[in-house]
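The values are calculated or read from the model by the stated rules, or taken from the named source; none is laboratory data. Treat the numbers as computed from the prediction; the structure is a model and nothing was measured. Glycine also receives a Cβ, built like all others from the backbone with ideal geometry; neighbour counts cover every protein chain displayed.
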């Protein structure tokens with residue numbers, strides 16, 4: 001394991017020159033952040049949810065998973081000015097023991113297989129949520145508590161060393177597995193608390209190249225394929241993406257596919 005062989009990714013040598021060049025002019029994810037907004041027509045999705053006993057959050061994650069399988073560039077990340085293909089399909093999100101202000105937020109990380117379908121996504125997500133509700137924490141939470149109990153200079157030094165080790169590709173698989181910011185995509189379902197989707201910020205910590213926010217289900221106007229305006233159930237989804245992993249045309253086609261999955265959940269079976 002080293003610079004060209006990380007525990008969580010394979011270094012991609014054969015890339016277009018401009019993709020290789022991006023990390024030199026956009027050194028941070030914040031420099032390379034691009035934003036996409038989608039309004040999802042849920043007229044078919046709502047019927048599907050009732051018939052198959054699934055939530056929109058399950059469909060949301062399953063659509064991202066399918067996107068990562070069919071468009072593997074969306075499962076890449078940049079570290080140390082190098083582009084890597086992630087070895088796993090993994091989604092991160094925040095969960096709470098209860099929907100109130102006092103409950104602790106816990107960062108959850110779920111690993112998936114390429115063969116997983118919507119039912120598998122529902123089961124795996126629910127297993128993690130149940131752990132949060134019953135146990136209340138994962139390994140990373142106790143680690144954070146320990147770090148925050150140290151003097152600030154010591155915590156700063158520890159993070160500096162970790163970043164240098166990460167830059168060299170020497171982080172252990174256990175460290176990566178326990179860390180919620182080393183994921184294919186980090187998602188947030190603010191619709192569950194009655195909010196519309198924000199554009200989430202990027203983190204320099206970790207390797208996440210995609211943040212996706214799902215807003216509340218509400219009524220709105222849409223223009224259908226027959227150029228007719230109608231009112232239906234919709235949800236807004238906003239993406240923040242590290243531009244260094246793919247060009248604009250690839251992103252646009254991939255996100256159009258994602259919209260189709262959300263609007264036609266049977267494609268996820």
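For the range 87-102, filtered to residues that are in a strand (DSSP E or B), in contact with a helix residue (DSSP H, G or I) (Cβ under 6 Å, 6 or more places away or on another chain) and more than 18 Å from residue 202 (Cα to Cα), the residue that is modelled with the lowest pLDDT is 95.
Residues that are in contact with a strand residue (DSSP E or B) (Cβ under 8 Å, 6 or more places away or on another chain) and either under 30 Å from residue 207 (Cα atoms) or without any contact (Cβ under 8 Å) to a residue 24 or more places away in the chain (or both) within the range 30-46 comprise 32, 33, 34, 35, 36, 37, 38, 39, 40, listed in sequence order.
Suppose we filter the range 150-196 for residues that are within 19 Å of the chain's Cα centre (by Cα), over 20 Å from residue 88 (Cβ atoms) and free of Cβ contacts under 8 Å to residues at least 60 places away in the same chain; how many remain? Here the count works out to 3. Can you find even one residue in the range 2-11 that is out of contact with any helix residue (DSSP H, G or I) (no Cβ under 9 Å at 6 or more places or on another chain), touching a residue at least 40 places away in the same chain (Cβ under 8 Å) and not in a strand (DSSP E or B)? Yes: one or more hits. Taking the range 166-269 and the strands (runs of 3 or more DSSP E) fully enclosed by it, the elements with 1 or more residues that are modelled with pLDDT under 90 and surrounded by fewer than 20 Cβ atoms within 10 Å (Cβ to Cβ) are at 218-223, 229-242.
Scanning the range 225-255 for residues that are in contact (Cβ under 8 Å) with a residue 40 or more places away in the chain and over 23 Å from the mean Cα position of the chain (by Cα) yields 232, 233.
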